[in-house]
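Below: the structure, in structure tokens.
The values are calculated or read from the model by the stated rules, or taken from the named source; none is laboratory data. Because the structure is a prediction, the values reported are computed rather than measured. No Cβ is skipped: glycine too gets one built from the backbone with ideal geometry, and neighbour counts run over all protein chains shown.
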Amino acid sequence: MLEQLEGSQAVAHSIAMCRPEVIAAYPISPQTHIVEALSDKVRTGELQPCEYLMVESEFAAMSACIGASAAGARAYTATASQGLLYMAEALYNASGLGLPIVMTLANRAIGAPINIWNDHSDSMSQRDSGWIQLYAETNQEALDLHIQAFRLAEELSVPVMVCMDGFILTHAYEQVDMPTPEQVDDYLPPFEPQQMLDPSAPLTIGAMVGPEAFTEVKYLMHAKQVAALDAIPAIADDFEQAFGRSSGGLIRSYRAEDAETIVVALGSVLGTIEDVVDELREQGVKIGAVAIKCFRPYPLEEVRDALAGAERIVVIEKAFAVGAGGIVGQNVRLALSGLESRVYDVVAGLGGRPITKKSLRALFADALGDRLESGRLHFLDLKRDVVERELERMQGGGRHGPHAENIIRDLGIVGAEPH
Amino acid sequence: MAEQKLKGYQVGTFVVGNRLLEPEQRSVQARMERSNTLTSGHRACRGCGEALGARYTLDAAMRATDGKLIAANATGCLEVFSTPYPESSWQLPWIHSLFGNAPAVAAGVAAALKAKGREDVRVVGQAGDGGTVDIGFACLSGMFERNDDVLFVCYDNEGYMNTGVQRSGATPPAARTANTKPVGPEPGNVFGQGKNVPLIAMAHEIPYVATATVAEPRDLEQKVERAMELRGARYIHVFVPCPLGWGAASEDTILLARLVKETGLFPVFEAEHGEVVSVSKIRRRVEVVEYLKLQRRYAHLFGPEPNTDVIARLQAGADRNIERFGLLGESGGEG
């Protein structure tokens, strides 16, 4: 049924239809509307049986999910930003133990400076935590990916993180096609745990493992993620059969078949990118886009196949490895190793800075003219004069003060004057 | 024939011999059907108080729940010595996740059981003092505040023994540890404010809080049994000497656990919903020196020039406990 819903509400409905038995969550913007809605559903009995644990931290949220999942319950949590970092130790534990927990990540920047707006530095910081990472482009896809995520997690006994852009998706009202509970029940079978704390068959979970077997346990983690590269498209195909629409998968190409230039990105920014691609196509430019829908496991073959025919690749990413460069960019280069294509790394949208069509037009014009430098990280819409002034101030030595506050003062933001 | 006075307890112990008790009162350990939850073959040190405490606690909990028990264990000695891959000493469903999250993992297990309508299966969380009073403290307090149906047990050996005997928030003043060595102007651990987690647990007004020592295992068993009669968050803090970390003789584990109570340094009591309901009285009061002298972690206080100031401060702490908890006088009931 078509409904006009806030992204968070759509996801909460979707989660409820997946019938989690334990939800443990700690509030953090921009995840709050999701867990508030789920709390309502549990308290009113709309979602039952389900225990909602109002934990004291994200670390406890993930830890409670670990306990619940090990006890055979379908477990769910949601977080963002600092919350994801606060649960980092437990993230690795959940994946190491092979527990099929599903989590929504409302992507948000990481401080300092503290910033509540969207980018991907949170999920990218945990890209190697052993969690599968799926990225939603729209609210419809966020809704759909959660249903797929539980099936994927439970089939492989691995945890899955569904990433949706904070505010841009979580707080945006869009039309979504809401499935019926019966449809979801048909698609998602009840959770059959592959390991379980059960007094009738006692077992030890989480034993210490030394050098004699640690490598093998870790190999199996990797092998399961590699297996997910087959499972994810199969689960997405089944989803399309059952629900009549395409969602998820590993990658998605847009007008890329004959493209000489391909723009690669993750998440909601693809919509803006595709609008600009359309404009340029009308001008006869052979440009297309590729969305990476699943960043972990990394679909190296699919990325290579999709990009192999292009002369130049522009990777637009909402996070970067400080002191090293692009993160998605490095992964794209890995997929293209041995090929002649030029890869331009562009970091954009940090801390919620809008990625506008105007900026993208200018960026693509530079890329098409090969006026960008491959191997160097480009910052879209960087206010270079502001940076220069701060660099100058630093050269003065002494106690020049914190960058963030100096820059805000330079920009003349109201209330930033010294008292 | 000379008259001999009948003693209900073994010489010098105050512990009543099992044979003299009614069958129902006998220790779980004296029963054929004991579950051996932490079975033999584990790698604990000789004289380990924690292994003893865990065995009595979990076997009693297993008996109380008819074997329907799940344990969530924090990282630490107990976890390491019981599960060297590929062996496990645990004969119950047991999970180890992290150092600081055992109370939350246990809460998650309890939530799962509730959602599944399996509340006949009960949950015990357990950790050493590091995993309880320090790194696990936030999760513990959260579990208490929510009143999750978990019995959490702290086996307190007063330091980070697994990592090589460093100071924890439960290390007593003046004690030598690897990072509070008897060097500098204030040798040993500092006199801080202390961190009395049983009292902090009581401040949460949870259904049940108790302290116990491995010197009185029947008392510990009865407290576990009482805890399992109740629902909601429950906490037992068990004093478990560590021969390795304390520089004590392996055979003195029980003696030290008895002396810590008899000095007043470790009050043994029970509380329900934030109120003390019973106190285990001191049978024969001893000075703290008798307890301290048996442990090399306090050796720097003695020698040719004993540090009488520090010993007096430690004695004052014990005296304050005696006053505060009313540890002297006639026992009101079971002691």
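For segment B:145-167, the set of residues classified as over 18 Å from the mean Cα position of the chain (by Cα) and within 11 Å of chain A (Cβ to nearest Cβ) consists of B:GLU145, B:ARG146, B:ASP148, B:ASP149, listed by residue number.
Can you confirm whether A:TYR135 is within 14 Å of chain B (Cβ to nearest Cβ), in contact (Cβ under 8 Å) with a residue 24 or more places away in the chain, out of contact with any Pro (no Cβ under 8 Å at 6 or more places or on another chain) and not aliphatic (A, V, I, L, M)? No; evaluated as a whole, the condition is false for this residue. Note on segment B:80-98: among residues that are surrounded by fewer than 24 Cβ atoms within 10 Å (Cβ to Cβ) and without any contact (Cβ under 8 Å) to a residue 40 or more places away in the chain, the one that is farthest from the other protein chains (Cβ to nearest Cβ) is B:PHE81. Only a single item in (1) at pLDDT 95 or above; (2) out of contact with any Lys or Arg (no Cβ under 7 Å at 6 or more places or on another chain) is not met by B:ASN189, and it is number (2). Is it true that some residue in segment A:67-75 is over 17 Å from A:PRO193 (Cβ atoms) and either in contact with a helix residue (DSSP H, G or I) (Cβ under 7 Å, 6 or more places away or on another chain) or surrounded by 21 or more Cβ atoms within 10 Å (Cβ to Cβ) (or both)? No, segment A:67-75 contains no residue that is over 17 Å from A:PRO193 (Cβ atoms) and either in contact with a helix residue (DSSP H, G or I) (Cβ under 7 Å, 6 or more places away or on another chain) or surrounded by 21 or more Cβ atoms within 10 Å (Cβ to Cβ) (or both).
Just one of (1) within 11 Å of chain A (Cβ to nearest Cβ); (2) touching a residue at least 12 places away in the same chain (Cβ under 8 Å); (3) more than 21 Å from B:ILE236 (Cα to Cα) fails for B:GLY117. It is (2).
The set of residues in segment B:125-165 being surrounded by 24 or more Cβ atoms within 10 Å (Cβ to Cβ), part of a helix (DSSP H, G or I) and of a type in the set (Asp, Glu) consists of B:ASP129 alone. Looking for something surrounded by fewer than 20 Cβ atoms within 10 Å (Cβ to Cβ), basic (Lys, Arg), farther than 30 Å from A:GLY45 by Cα and more than 9 Å from every other protein chain (Cβ to nearest Cβ) - is there at least one such residue anywhere in segment B:58-78? So far as segment B:58-78 goes, no, none of its residues is surrounded by fewer than 20 Cβ atoms within 10 Å (Cβ to Cβ), basic (Lys, Arg), farther than 30 Å from A:GLY45 by Cα and more than 9 Å from every other protein chain (Cβ to nearest Cβ). Inside segment A:30-53, residues that are under 20 Å from B:PHE144 (Cβ atoms) and part of a loop (DSSP other than H, G, I, E, B) make up a count of 0.
Among the residues of segment B:311-325, none qualifies, meaning not one is part of a loop (DSSP other than H, G, I, E, B), under 21 Å from B:PRO243 (Cα atoms) and at pLDDT 95 or above. Is it true that some residue in segment B:246-264 is buried (at least 20 other Cβ atoms within 10 Å of the Cβ), closer than 25 Å to B:TYR208 by Cα, touching a Lys or Arg at 6+ places or on another chain (Cβ under 8 Å) and among the aromatic types (Phe, Trp, Tyr)? Looking through segment B:246-264, none of the residues is buried (at least 20 other Cβ atoms within 10 Å of the Cβ), closer than 25 Å to B:TYR208 by Cα, touching a Lys or Arg at 6+ places or on another chain (Cβ under 8 Å) and among the aromatic types (Phe, Trp, Tyr). Within segment B:15-33, residues that are among the small types (Gly, Ala, Ser) have Cβ atoms under 6 Å from residues that are modelled with pLDDT under 80 in these pairs: B:GLY17/B:GLN10; B:SER27/B:ASN18; B:ALA30/B:ASN18, counting only partners at least 6 apart in sequence or on another chain. Of all residues in segment B:60-94, those being within 18 Å of B:ASP148 (Cα to Cα) and either aliphatic (A, V, I, L, M) or part of a loop (DSSP other than H, G, I, E, B) (or both) number 8.
Okay, residues lined up against (1) modelled with pLDDT of 95 or more; (2) within 23 Å of A:SER129 (Cβ to Cβ); (3) within 14 Å of chain B (Cβ to nearest Cβ):
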{"position": "A:ALA172", "(1), (2), (3)": "yes, no, no"}
{"position": "A:GLN195", "(1), (2), (3)": "yes, yes, yes"}
{"position": "A:PRO202", "(1), (2), (3)": "yes, no, yes"}
{"position": "A:GLY210", "(1), (2), (3)": "no, yes, yes"}
{"position": "A:ALA223", "(1), (2), (3)": "yes, yes, no"}
{"position": "A:ALA228", "(1), (2), (3)": "yes, yes, no"}
{"position": "A:SER246", "(1), (2), (3)": "yes, no, no"}
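The condition (being assigned to a helix (DSSP H, G or I), within 11 Å of chain B (Cβ to nearest Cβ) and surrounded by fewer than 24 Cβ atoms within 10 Å (Cβ to Cβ)) is satisfied by just one residue among A:GLU56, A:GLU89: A:GLU89.
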